[in-house]
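Visitor: Just passing along the structure, written as structure tokens.
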Amino acid sequence: MQTKPSRATRILSVLCHAVAALTAVLLFFPGTSRMPGASLDESWVVALNQALPQGLAVGRDVIFTLGPFAPVFTKTYFPATWAFAVGWSMVLAACYVVMLTYISRTRPLIAPLLFAAVAAFISDDWNASFMAFPLLAASALRATLAMPPAGKHGIGDLPLAIAVALGTSILLLMKGSFIPACVVTLGAWTTIAALQRRHMLAVGMPLLVLALLPILWLSSGQSLSSLPGYFRSALPMISGYTEAMSAVGRRSEIAAYLLVAAVIVAMLVPRSFRLAEWPRWAYLASVGCTVLMAFKAGFVRHDGHAMTAAYVPLIAALLAVPWYLRGPRLLPPALALIGALYISGHYASVKPLDLGARMTRWAASGIGELAALPGSQARLNAQFADKMATLRDHSPVPRGDGQPADIYSYNQSYLIAQGWKWRPRPIFQSYSVYTPALNEKNRDFLLSDSAPRTIFYAIQPIDNRYAAQEDSLSLPVLLGAYRPVRRLPAGFLQLEREVDGAQAAPQLHEISRTTAALGQSVAVPPSEEATFVQLHLRKTALGALKSILFKPGELSLEVTMPSGAKTFRLVPKIAESGFILSPDLGDLNTLLATFAGEVPARARPTSFKVVASGGGRDWKSEYEVTFSALPLKTRPAVNELLYDAQIQPEDLWHLVTPAGQCIATIDLINGAPASGTMIHGTSGAVSIDGWGAVDLGAGEGIAADAFEVLLRRTDGMTLHLATTMSARNDVKAHLGKMEMGDIGYHAKADAVPPGIYDIELYRAYAGNYARCEFARPRLTVEERKR
Amino acid sequence: MITSATCRVAVLAVFTSCLVGCIAKDADTHDRRDGTVGSSGSDQMTGATAAMGRVIAVDAACAASIDVVDSRPAQPGMIIDRKNPLTVGGWGAHDPEAGLANDSTFVSLVNLQTNEERIYATRKSPRTDVKIYLGHPDMGDLGYESTMLLSEATPGRYRVGIYVGWAGELIRCTSPQLEIVL
């Protein structure tokens, strides 16, 4: 018979649970210090937080590895989503506290304190804190089902059913990779609860999830009809991630993880399949699935993500302590702690003092931010506005006026900060377009009436991919249906829609089809057009198994260019969709030349080969190659963007003359007030009249010795206008400076070719020249109408 | 590194023989009352061709580099196919120690047989790698890149060089320079 805890124990237990509750709140509280940024990761954070208030349907209009509950995960301040993020993160924290209460019924002091310590330890990896949910749920359910039901009709199980269902629903709508472990855990424990006739859990959990999912979905501003689409779209995002996004890391970290995971699993494996053992199998299923998902989350893209694979086994090992069937119970947690320190030590300092400082800093800053929360909205909004202003200052994208636009391949922050109406392709960051289904979605969007007229495009392949593999089916559409109109900083182009409907669809003509072997050189058929290639690479059974459990060996694409060979990462599923092999669109000049229809010979590969660099046994040695010709449009005007202007030597000084002390104005252009633009025929003369001076300050002011007027066309052509000075006594009288020298000027040219011109004015004084900066109209000269 | 003292003692230069002819008019350029009409670029227009005619550049060694020619690491004697767009890129600083970038950069190609010179505008690029190397990660952008259409240029040996502008002063860099073959 269990003894009743003493009063002191009860008080201590309440205190320990209070500490655990505070830690749970800190673990999920979005904080107030993270503001939007411009990097790749910061851009998808901005994009997802923009998608919700903009009413975009997640799973249809925007498809990513995260769902509509992304604001809870991203923990970045956005005025429109912050209340949502804070509200649901606190609900999730409450779910953790409820589950912890059920877990710690037999260990009321140590369990909450351990939870607080581990939460602080793993606080630098958000994935791990969320992936702990199925482990906590399984432990709470196992502990509860091991005891008789509490209360009438098992009402004591209800809070746990609600916490598990609510947390599961939040995680299902947060991130695709959380789905498998949550579904396995819910399914396994619903079955066990049903077998044990614990109806509150057996019926309550799945029914609550089914009821809560639409409610939560609606709370994020999504339409109910798009909910099934979200789960459908999650599948290719999850399944394609492994091959496309993998990165190689330290093998010793994987070995450390495998050792820890093997010990945990070995000590949990039940002795038989008898019905009485089923809860043990259910527990093993929850732990095994979560730990496997952590393995993939940590080591498929093996960089800082490895922290997830370091922390989740530690949480699993600690929670499983009461349920080990053999061996010393403290062995798995001890091994897991050593493994976690070893792995995370490669990415952050794990010296005791540094660890202590990090955990203390995390707690202190979290408490500080929570304490400062009341009334902080105005301050946060001001910080947000400052951050967006900084983004605008650094943006290569020009200011927008609410017109729809999209940006390739991933700098959504700039587009949104600059006031364009973001109209995204479904998979809105191009590196994520890694399966044929995703590739086709983006291409079909570009071909639809929904596609924006304006697109900002930069070549930004990740992981040394061949440039045309990013959004590989959309690139031929962009080349045919859009034309570059502006070259922007940081390698961006502004593209404008040129044709719609059927005309926009790329016309691919198959040239040849062949079979090649891995490592074998394949000649690229010579062509005046672009060459599109599809490679049908297939995994072996071993490769398929490795894909499920870990990742298959990587493939490389070795391309022989006239200047030599280059090696790129090859993503097999993108190669299956096909991509432009020739020309190599890895630099902006070649891309512009391709838009112009004049592909330089140096950018044309002569041959290629696919090499199984990481695992020859994972891929079948033969694969099919299909070459198609992609006709290019001829757009001579694009050459103006491609080539920098040739400058006449006599014009150089204008280009380096800085703005200086000068007061000037343009009064008349061709005798008419100089407002806005004006148009005239080519044979007509242009005259510009105005006045100016060096200074109009004290005394009589300082008149300029001379003025120079230049017309600079957008292609760099410059016209010097004949300029004469005049007294302009009317102005001098108005200024009350009748003693000043001549301040009027009159500039003229006999014939000005068509074009758009900037008017530049320079003043000479005492041997120095300065450019006069003032608001000037632009001059548009059109062909004479016959 | 360019200093104003260096600039003062540097040899004044003009760009073309046309300009040399114009120097005679330099004396009356600054206080003239009658300007002239000139043209440049591809379009022709009526009117006499003339320029301001003042001395416009000083020769000096520059804190700069030509890193890339024809999308390859720059090397003397590179053979360039005129039919391709030629890209020249690198970086330049007015005062690397003080973290001052140039205001503007121009790429020049001089035909070594005829002395004909072509000058091209450039676009700026950040070149954060150089900024960090110089110890001024927050300095202004000091990279440059120019893409040139040379299909009508005469084949032969050319010298690639740069002009830089800073605070209204134009400097013709005596280094870096690089010979290529078109």
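None of the figures in this text is laboratory data; all of them are computed from the coordinates on show. Just so you know, these numbers come straight off a predicted model, no measurement behind them. No Cβ is skipped: glycine too gets one built from the backbone with ideal geometry, and neighbour counts run over all protein chains shown.
Visitor: Within 10 Å of each residue's Cβ, count the other Cβ atoms and sort A:Leu353, A:Leu592 from fewest upward.
Guide: A:Leu353, A:Leu592
Visitor: Need the list of lysines near A:Lys152 for cross-linking: C-alpha distance under 30 angstrom, and skip anything on the same chain fewer than eight residues off.
Guide: A:Lys4
Visitor: Continuing with the same structure: Label-point separation (nm) for A:Ala698 and B:Ala167, each offset 7 Å from Cα along Cα-to-Cβ?
Guide: Output for this residue pair reads 2.7 nm.
Visitor: Still on this model: Among A:Lys732, A:Lys633, rank each residue by its count of other Cβ atoms within 10 Å, from fewest to most, as a rough exposure measure.
Guide: Fewest-to-most ranking of A:Lys732, A:Lys633: A:Lys633, A:Lys732.
Visitor: Return one number: the angle in degrees, 0 to 90 and rounded to the nearest 10, between the long axis of the Cα atoms of helix A:306-319 and the longest principal axis of the Cα atoms of chain A.
Guide: 20
Visitor: Quick one: dipole size for the protein assembly as shown, taken about the Cα centre, charges +1 on Lys/Arg Cβ and -1 on Asp/Glu Cβ, in debye to the nearest 20.
Guide: Here the protein assembly as shown has a charge dipole of around 5340 debye.
Visitor: Same structure, new question: By how many degrees, between 0 and 90 and to the nearest 10, does the Cα long axis of helix A:352-371 differ from the longest principal axis of chain A?
Guide: The angle comes out at about 70 degrees.
Visitor: Still on this structure: Determine the distance separating the Cα centre of the range A:497-528 from the Cα centre of the range B:106-136; give it in Å without decimals.
Guide: Centre-to-centre distance over Cα atoms comes out at 37 Å.
Visitor: Could you point to the residue in A:Leu495, A:Leu475, A:Gln460 farthest towards the positive end of the range A:450-495's charge dipole, with +1 and -1 charges on the Cβ of Lys/Arg and Asp/Glu respectively?
Guide: Selected residue: A:Leu495.
Visitor: Among A:Ser687, A:Ser413, A:Ser39, which comes first, second and so on when ranked by fewest other beta-carbon atoms within 10 Å?
Guide: Least to most surrounded, the residues fall as A:Ser39, A:Ser687, A:Ser413.
Visitor: Something else now. Could you calculate the FRET efficiency of A:Ala80 with B:Leu112 from 1/(1 + (r/R0)^6), where r is the beta carbon distance between them and R0 is 56 Å, rounded to 0.05?
Guide: That pair, A:Ala80 with B:Leu112, gives E of 0.35.
Visitor: Where in the range B:152-182 does the label zone of B:Asp59 land, with the point 7 angstrom along Cα→C-beta and an amide N cut-off under 17 Å?
Guide: What the label zone holds, given the 17 Å backbone N cut-off, is B:159-164, B:170-179.
Visitor: Further, regarding this structure: Put +1 on the Cβ of each Lys and Arg and -1 on the Cβ of each Asp and Glu in the protein assembly as shown; which of A:Pro180, A:Ala601, A:Ile647 then has its Cα farthest toward the positive end of the dipole?
Guide: A:Pro180
Visitor: Rounded to whole Å and sorted largest first, list the principal axis extents of the Cα atoms in chain A.
Guide: Ordered largest first, chain A gives principal extents of 112, 71, 49 Å.
Visitor: Here is a follow-up. Residue separation times 0.36 nm, minus the C-alpha to C-alpha distance between A:Val203 and A:Ser223: what's the value?
Guide: Once the chain is fully extended between A:Val203 and A:Ser223, it gains 4.5 nm.
Visitor: Here's something else I'd like to know. Considering chain A, which cysteines have no disulfide-compatible partner, defined as another cysteine with its Cβ under 4.7 Å away?
Guide: So far as the 4.7 Å Cβ criterion goes, A:Cys16, A:Cys95, A:Cys182, A:Cys289 stand without a partner in chain A.
Visitor: Treating only the Cβ of Lys, Arg, Asp and Glu as charged (+1, +1, -1, -1), what charge dipole size does the range A:689-746 show about its Cα centre? Round to the nearest 20 debye.
Guide: With Lys and Arg at +1 and Asp and Glu at -1, about 160 debye.
Visitor: What FRET efficiency do you get for A:Leu518 and A:Ser252 if R0 is 22 Å and r is their Cβ-Cβ distance, rounded to the nearest 0.05?
Guide: 0.15
Visitor: Note down the nm distance, to one decimal, between modelled labels 7 Å out along Cα→Cβ at A:Glu440 and at A:Arg329.
Guide: 5.5
Visitor: What's the tally of Lys pairs in the range A:522-646 whose alpha-carbon atoms lie under 29 angstrom apart, where the two lysines are 8 or more places apart or on different chains?
Guide: Here the count comes out as 21.
Visitor: Here is a further query. Fully extended, how many nm does the chain gain between A:Asn670 and A:Ile338 (0.36 nm per residue separation, minus their Cα-Cα distance)?
Guide: Gain in length upon complete extension: 111.2 nm.
Visitor: Treat every Asp and Glu Cβ in the range A:20-131 as -1 and every Lys and Arg Cβ as +1, leave all other atoms uncharged, and give the resulting dipole magnitude about the Cα centre to the nearest 20 debye.
Guide: 360
Visitor: Further question on the same structure: Can you compute the FRET efficiency between A:His509 and A:Ser448 using 1/(1 + (r/R0)^6), with r the Cβ-Cβ distance and R0 = 30 Å? Round to the nearest 0.05.
Guide: About 0.80, to the nearest 0.05.
Visitor: Would you mind computing, in nm to one decimal, how far apart the modelled labels at A:Asp41 and A:Glu496 are, each placed 7 Å from Cα along Cα→Cβ?
Guide: 3.9
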